[in-house]
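Right, one structure below, let's go through it.
Bear in mind that the values in this text are calculations on the coordinates, not laboratory data. What you see is a predicted model; the values in this text were computed from it and never measured. Counting neighbours? That spans all protein chains shown, and the Cβs are built from the backbone with ideal geometry, glycine included.
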Amino acid sequence: MSGGALKLEHVSKRFGGLKAVSNVTFEVPASSIFGLIGPNGAGKTTVFNLVTGVYDFEGKISFFDKSLSGKKASHIAKMGIARTFQNIRLFQSMTVIENVLVACENTRRAHLGASLMRSPLFFQDEANMRKEALRLLSIFKLDAMADEVSTSLSYGNQRRLEIARAMMLKPKLLLLDEPAAGMNYGEAEGLKDQIRWLRDEFKITVILVEHNMQVVMGVCEDIHVLDHGETIAHGPPSTIRKDPKVLAAYLGEEAEEDEPVELPA
Amino acid sequence: MMAWYKRAGVSVALLGVCIVLELTFHLIVPDTAYRNLIQLALVNVVVALSLNVINGMAGQFSIGHAGFIGVGAYTAAIIASNIHKSLGERAETFQNSFLVMPPAIIAAALVAGAFGFLVGLPSLRLKGDYLAIVTLGFAEIFRLVIMTSPPGVETGGIRATIGQLGGPQGYSGPDRYGVAQYAGPFWLFGGVIVATIIAWRLKFCGWGRALRALREDEIAAAAVGVDPTRYKVTSFVIAAMGAGVAGAMWACMRDGNPSVQPDQFNFALSFDAITMVILGGSGSVSGAIMGGLFVTITVKMIEQLQRLDVIEAWKVQHPDFDLNALRMVVYAVVLIILMIMRPAGVFGENEVTRFRKREPAQAKA
């Protein structure tokens, strides 16, 4: 395994009196699929928000050895961190392809002046971006609905569109916030393959926040467990599955006294 | 993509249309009042197109557009009148307008754009009502600063300089003979054509797309690399520049008001501009054009109606009756009907043509 793609060192975040994330340290190896789990309110999504520059934070976060402190969200996106959201956040009134095209803003070569003049560069740019967008949409099986308004898509398609939009950034690191939410067993199985495929095809690192243990245990190579903003465990799925602290956090205190329980494989 | 010769052809044709209109407009519409109405409508179309960038495309809410128009109008009036003076105050001919209007329009756009930048900065932290108050504050400050600085009261300092703008009486040229009125139909129609092309191209390019994305969801847009700061401030600057051009067209309008007065740029003008945008459909270029025309014509129609004998007689009987207030009633009724029939404005965010659909089809091939 190569060096760390993302490194959090003693990262904390406070919302008023509430410590949402407290002194969290972990390293995500490059090209790995990394799981960030924990019960509701554990601070998983907050970690994503800190990494992507939605909030500022205490401590140190570095992305391939470059510090993310004080960087704006749009700058972090440009550096190569893309994400999806727990509650789907598409540009609702825009079409499917427009949603994806917005992610080209950083690579667009035709600046405002060239766009207003409708210079050859503008048309070239626009055609290239559309080609790339359609290619991505066809990977996610959304190309047939490219010109439909994004809200008209089914829930599953909207989730896939969010990933397609994130991939348009050509990221090095993809943060997926509960991609399996609302999926049934079969769909979740499919998602596992899709995540692995994404990682291999685009050569990216994936961090997954997920409640669906079937997906987390099946796909993640490393798992970091948070509870009440604090780290309670870290390791490969096989050890996390049996970790008494994790079981306690998920199943309640009495779990520790019972016969050994395991989270589903 | 249009071939270059096609583009050149279209440009020449549009230029030709503007020149023909310049030479024949007074023959086509012989009545000065109606000619004025059409010219005012053209100015208002530019006003609506520019406000549409902030209130429609960017989804911000500015209720101080009159301020930017005013800045443009004063700037253009000063520049045009001074150039006119240095030209030896020859007749306001079409040939001379090419010496006067370009600098006046460019200066108006630049100065208004600079103010747009200043007002745009708070837009980064403020949203909705709070931003609206800032923009309104700007427009009112602009108007009141000029209103309360009468000429000749003080001899030095900032107030004296502002006093040269004529205070409440308005600015009417360096020698008070009136603002040079070089903006004939060529400049007014030309202004509308250029503004429409720019508005259209802004909407249908990556920049416009990013701006709409920002309006839909700021966090998601930032997460895919759209810098909210840059886009929001740029949208303010562009809208202010457009308003500045509209102000220049208005101040220098042929047969128009020979002086630029601060009270022309009051809240009612901002309100009219918002009505134009909302009526046509926020974010729609076609809608802004329609809104600009409709609002101007409604306003004038009510003014014309006031001259009818029946109304005159009625006004004598009821001195309290304010027909100008009726305009607001008409707006309200129109807007209420519209809200029920078409909640997103006449055009919504769409355009008259299906041009938008054609572009992706081309790229697919």
Three-way shape label, the stretch A:133-178, alpha-carbon gyration tensor, a/c 1.5: oblate
Contact order normalised by residue count of the stretch B:147-303, Cα under 8 Å, 6+ apart, percent: 23
Shielding by partners - mean other protein chain Cβ count within 10 Å, residues of A:166-177: 1
Amide proton proximity set for residue A:31, modelled H, under 5 Å, gap of 5+: A:205
Under the Karplus curve 6.51 cos²θ - 1.76 cosθ + 1.60, θ = phi - 60°, whole-Hz ³J(HN,Hα) for the stretch B:300-309, x wherever Gly or Pro sits: 5, 4, 5, 5, 5, 4, 4, 7, 4, 4
Separation between Cα centres of the stretch A:25-74 and the stretch A:169-185, rounded to whole Å: 15
Total formal charge among the other residues, if their Cβ is under 12 angstrom from that of residue B:265, Lys/Arg +1 and Asp/Glu -1: -2
HN-Hα J in Hz across the stretch A:126-142 - Karplus 6.51, -1.76, 1.60, θ = phi - 60°, x for Gly and Pro: 4, 5, 5, 5, 5, 4, 5, 5, 5, 4, 5, 4, 6, 4, 8, 6, 10
Number of partner chain Cβ atoms within 10 Å, mean per residue of B:201-210: 6
Listed residue pairs exceeding 23 Å between alpha carbons, taken from A:131/B:203; A:7/A:203; A:172/B:127: A:172/B:127
Kirkwood Rh, angstrom, the stretch A:83-235 [1 / mean 1/r, Cα pairs]: 16.8
Chain B shape via C-alpha gyration tensor axes, a/c threshold 1.5: rounded
The protein assembly as shown: projected area of the alpha-carbon convex hull, averaged over directions, in nm²: 36.0
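Let me check I've understood the local charge: for residue B:32, count other residues with C-beta under 14 angstrom from its C-beta, Lys and Arg +1, Asp and Glu -1. What total comes out?
Residues close to residue B:32 contribute a combined charge of +1.
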Equivalent ellipsoid semi-axes - Cα gyration tensor, the stretch B:1-158, angstrom: 32, 25, 16
Principal axes of the stretch B:66-133: Cα extent on each, largest first, Å: 50, 17, 15
Computed [θ] at 222 nm, deg cm²/dmol, the protein assembly as shown (DSSP H ≥ 4; -39,500 (n - 2.57); rounded to nearest 500): -18500 deg cm²/dmol
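Would you mind checking the pairs A:60/A:245; A:13/A:242; A:78/A:170; A:19/A:44 and listing those with alpha carbons more than 18 angstrom apart? Spell out each step's value before the answer.
Numbers: A:60/A:245 26 Å; A:13/A:242 29 Å; A:78/A:170 9 Å; A:19/A:44 13 Å.
Long pairs (Cα-Cα over 18 Å): A:60/A:245; A:13/A:242.
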Cα-Cα pairs of the stretch A:90-164 separated by more than 21 Å (percent): 29
Residue with peak Gaussian network fluctuation, chain B [Cα springs, cutoff 10 Å], from B:141, B:337, B:158: B:158
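Can you tell me, using C-alpha contacts under 8 Å and at least 6 residues apart, the relative contact order of chain A as a whole percent?
Here the relative contact order equals 25 percent.
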Value of relative contact order over chain B, rounded to a whole percent, pairs C-alpha under 8 Å and six or more apart: 29
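Just for the protein assembly as shown, what percent of DSSP beta bridges are antiparallel, to the closest 5?
55
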Set of aspartates and glutamates near residue B:232 by C-alpha distance (under 20 Å), chain-local residues within fewer than 8 positions excluded: A:98, A:105, B:129, B:216, B:217, B:218, B:349
Environment charge of residue B:212, counting only residues whose C-beta is closer than 9 Å and scoring Lys/Arg +1, Asp/Glu -1: 0
For residues of A:46-57, the mean tally of beta carbons on other chains within 10 Å: 1
Along principal axes, Cα extents of chain A, largest first, whole Å: 71, 41, 37
